[in-house]
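Some notes on the structure that comes next.
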Amino acid sequence: MYLKIDIKKRNNVRVIGEGENTLVLAHGFGCDQRMWDYLVPYFEKDYKIVLFDYVGCGQSDLSAFNKKRYSQLSGYARDVEEICDALELSNAIFIGHSVSSTIGMHLAIERPDLINKLVMVCPSPCFLNLPPDYMGGFEKADLEELINLMDKNYLGWASYFAPLVIGEGHDESFKQSLKNSFCSTDPSYAKPFAKATFFADDRHLLPKLTAPTLIIQSQDDSLVSIEVGRYMHKAIKHSVFNVVEAKGHCLHMTTPEQVACAIGEFLD
Amino acid sequence: MSQADVDHFPCLLFVTHIESTQVLSGNSFAESFLNVSFSELSLKLTDILSKASLIFYESYIKPILLNYGTCKEVQITIVTKAGSRVPAVANVSLVAGKLYWAMYPAEERDKLYQELVSARENLEEKTEELTRLTRLDPLTSLLNRRALTSDLTKIVTFMKRKYVPVCLVLIDIDYFKPINDNFGHEYGDEVLSKLASSLTNVVRESDLVARWGGEEFVVALYNSDLDGAEYYCSRIHEAVQKISLPNSEHLTVSIGVSAIEPEDVKDKDVISKTINIADSALYKAKNNGRNQTQFG
């Protein structure tokens with residue numbers, strides 16, 4: 001449906017760095033491509049780096065948002081697919097944070113020509129507790145509370161009554177304030193992403209993934225337990241499991257050198 | 001300011017380590033509110049916040065703090081040691097690897113916000129429902145004339161950037177007036193509804209089906225040239241014939257088809273012009289004995 005130039009604009013695509021191989025960096029739920037600013041310096045000398053915002057995030061074209069498409073992770077995978085095709089990429093190395101690891105997995109299975117290797121930073125194929133076999137860490141009620149918190153913080157953060165005007169009623173200055181925000185909780189876009197992220201169960205895809213995969217986890221991540229990492233490592237055929245000496249869920253922001261080091265080893 | 005003074009502020013003040021999330025120190029208002037002791041070295045942010053708040057912290061608060069050093073007026077849920085959940089509003093600053101939290105319980109604000117959220121959801125639902133109603137024909141639940149024109153305008157805008165063949169198919173029921181006269185208007189309505197569902201079943205999801213007015217319908221076939229349209233029209237004739245009338249005759253329709261050509265796309269009246277051509281073709285089909293398709 002979109003021309004190449006439109007895709008680049010739609011997803012606010014930036015290509016930087018030099019090198020024969022390409023890294024595609026995919027941000028997770030909540031923020032935008034700026035979360036990679038800490039990691040990029042480690043790779044821009046040796047790799048071509050593709051950065052982008054999913055539609056509905058960062059400075060993407062919000063008018064391209066389609067609730068149906070972006071209510072499922074496969075819709076976000078389509079964004080990456082279209083970006084890769086628009087840039088005529090093949091055999092790229094996909095690096096995804098958190099839910100983007102799963103999005104990358106969708107794409108690597110559907111279009112193995114695009115993705116050569118996969119790096120998953122703090123991934124989880126399913127955030128839900130599904131006893132007795134699997135404990136993703138969260139109950140449905142937790143995730144419903146999250147949606148509610150997003151709503152309330154949107155009211156608290158944005159100009160107060162703007163979100164009451166829905167549909168095409170958003171005025172230009174309001175749109176601008178959204179564009180400037182790094183992490184937007186605008187319910188129109190963030191809620192479908194939150195639901196797609198936290199209600200997904202893509203465990204069945206893990207055995208279908210054949211691309212060499214690096215799973216990077218932290219020693220203590222309040223969103224993803226070590227067991228989830230082990231589960232993924234066991235289910236993905238060609239996977240390396242690396243628990244780096246760091247804590248938290250945003251490793252690429254808090255300890256970029258360790259993450260860069262782990263990725264460097266894997267790619268060499 | 002003395003520690004005693006800090007302890008008397010009616011808000012939760014505490015410091016956490018950004019990486020380990022360990023609570024390093026805090027005022028006694030916070031300790032008594034949470035019913036914990038900050039001297040317990042094992043106390044972490046994960047023990048104080050609800051799970052949803054932790055996701056919110058990792059997805060929004062932490063990235064904002066790392067990028068901007070401060071995060072203001074963020075609502076989260078505190079979980080006390082006794083297990084009660086309290087909505088709270090926090091301002092947080094990041095200084096040298098430590099997070100400085102100033103938090104106050106905000107139950108009243110939360111109630112107001114809950115009301116606003118519910119009001120918005122209510123409005124959204126109503127708007128969605130109203131939008132749906134303004135787009136649909138009440139009898140057949142197909143798109144109405146205005147909705148079809150609006151959707152087609154969007155498609156034509158897209159075609160200006162990248163041409164995709166689109167055919168407009170104008171369908172008119174043969175001898176509809178006698179059906180109404182002989183079997184009553186209610187029966188006539190039933191026939192319209194039956195035809196509507198036949199049309200919907202025959203076409204693809206990407207096609208648009210609308211009641212154009214009276215006993216006239218329009219189908220917009222997306223990504224179909226005239227050959228493709230011919231195939232769909234034959235299927236329409238087939239499907240319509242299955243609708244039998246009380247006098248044991250079968251329903252038939254006459255169809256006029258017209259394609260939106262690449263050179264027409266820039267014309268601002270392209271939709272009405274294409275419909276007019278389809279209408280002339282339909283006229284030809286009627287004059288030619290009905291129950292057939294003609295191309296314009």
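The values are calculated or read from the model by the stated rules, or taken from the named source; none is laboratory data. What you are looking at is a predicted structure, and each value in this text was computed from that prediction instead of being measured. Using ideal geometry, Cβ is built from the backbone for each residue, glycine included, and neighbour counts are taken over all protein chains shown.
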What is the number of the single condition among (1) within 12 Å of chain A (Cβ to nearest Cβ); (2) small (Gly, Ala, Ser); (3) on the phi > 0 side of the Ramachandran plot that B:ALA119 does not meet?
-> (3)
Is the range B:124-136 home to any residue that is crowded, with 16+ Cβ neighbours inside 10 Å and either more than 12 Å from chain A (Cβ to nearest Cβ) or closer than 27 Å to B:TYR231 by Cβ (or both)?
-> yes
Filter result for A:VAL50 (assigned to a strand (DSSP E or B) and surrounded by fewer than 23 Cβ atoms within 10 Å (Cβ to Cβ)) | no
Please name all residue pairs, on different chains or six or more residues apart, with Cβ atoms under 6 Å, provided the first residue is in the range B:67-84 and is more than 21 Å from B:GLN114 (Cβ to Cβ) and the second residue is hydroxyl-bearing (Ser, Thr, Tyr).
-> B:THR70/B:SER93
Residue ranges of helices (runs of 4 or more DSSP H) in the range A:66-160 with at least 1 members away from chain B (no Cβ under 14 Å), closer than 21 Å to A:TRP36 by Cβ and touching an Asp or Glu at 6+ places or on another chain (Cβ under 8 Å) | A:73-86, A:99-110
Can you tell me which residue among B:ASP110, B:ASP181, B:ASP207, B:ASP189 is in contact (Cβ under 8 Å) with a residue 12 or more places away in the chain, more than 14 Å from chain A (Cβ to nearest Cβ), over 23 Å from B:ALA259 (Cα atoms) and among the charged types (D, E, K, R)?
-> B:ASP189
Residue tally, condition more than 19 Å from A:PHE193 (Cα to Cα), at pLDDT below 95 and assigned to a loop (DSSP other than H, G, I, E, B), over the range A:1-44 = 10
Here the residues within the range B:98-145 that are touching a Gly at 6+ places or on another chain (Cβ under 7 Å) and at pLDDT 95 or above are B:ARG145
Only one of B:LEU13, B:LEU24 that is more than 43 Å from the chain's Cα centre (by Cα), at negative phi, in a strand (DSSP E or B) and in contact (Cβ under 8 Å) with a residue 24 or more places away in the chain = B:LEU24
Within the range B:51-105, track down each residue that is under 17 Å from B:PHE14 (Cα atoms) and in a loop (DSSP other than H, G, I, E, B).
-> B:GLY69, B:THR80, B:LYS81, B:ALA96, B:GLY97
Can you find even one residue in the range A:229-250 that is touching a Gly at 6+ places or on another chain (Cβ under 7 Å) and either part of a helix (DSSP H, G or I) or free of Cβ contacts under 8 Å to residues at least 12 places away in the same chain (or both)?
-> no
Report the residue count in the range B:231-264 for those that are of a type in the set (Lys, Arg), over 21 Å from B:LYS177 (Cα atoms) and part of a loop (DSSP other than H, G, I, E, B).
-> 0
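Let me confirm something: among B:ASP110, B:ASP174, which residue is under 30 Å from B:VAL89 (Cα atoms) and either buried (at least 18 other Cβ atoms within 10 Å of the Cβ) or of a type in the set (Phe, Trp, Tyr) (or both)? Give the derivation first.
Numbers: B:ASP174 fails: under 30 Å from B:VAL89 (Cα atoms).
The conditions single out B:ASP110.
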For the range B:4-36, name all the residues that are modelled with pLDDT under 90 and either over 30 Å from A:CYS183 (Cα atoms) or not assigned by TED's automatic domain parsing to the domain that holds B:CYS71 (or both).
-> none
Does B:PRO246 meet the test of being at pLDDT below 95 and over 31 Å from the mean Cα position of the chain (by Cα)?
-> yes
Looking at (1) farther than 23 Å from B:PRO10 by Cα; (2) outside any helix (DSSP H, G or I), can you tell me which one B:GLU115 breaks?
-> (2)
For the range A:245-261 the number of residues that are surrounded by fewer than 17 Cβ atoms within 10 Å (Cβ to Cβ) and of a type in the set (A, V, I, L, M, F, W, C) is 1
Would you mind stating whether A:ALA194 is assigned to a helix (DSSP H, G or I) and either closer than 25 Å to A:ARG69 by Cβ or free of Cβ contacts under 8 Å to residues at least 24 places away in the same chain (or both)?
-> yes
Only one of B:GLU19, B:GLU31 that is assigned to a helix (DSSP H, G or I) and of a type in the set (Asp, Glu) | B:GLU31
Taking the range B:57-75 as the search range and keeping residues that are more than 7 Å from chain A (Cβ to nearest Cβ) and aromatic (Phe, Trp, Tyr), which one is farthest from B:ASP47 (Cα to Cα)?
-> B:TYR68
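Please work out if B:ALA102 is away from chain A (no Cβ under 11 Å) and aliphatic (A, V, I, L, M).
yes
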Condition set buried (at least 20 other Cβ atoms within 10 Å of the Cβ) and not aliphatic (A, V, I, L, M), scope the range A:11-31, selection farthest from the other protein chains (Cβ to nearest Cβ): answer is A:THR22
Complete set of residues in the range A:47-65 that are at pLDDT 95 or above and out of contact with any Asp or Glu (no Cβ under 7 Å at 6 or more places or on another chain) | A:TYR47, A:ILE49, A:VAL50, A:LEU51, A:PHE52
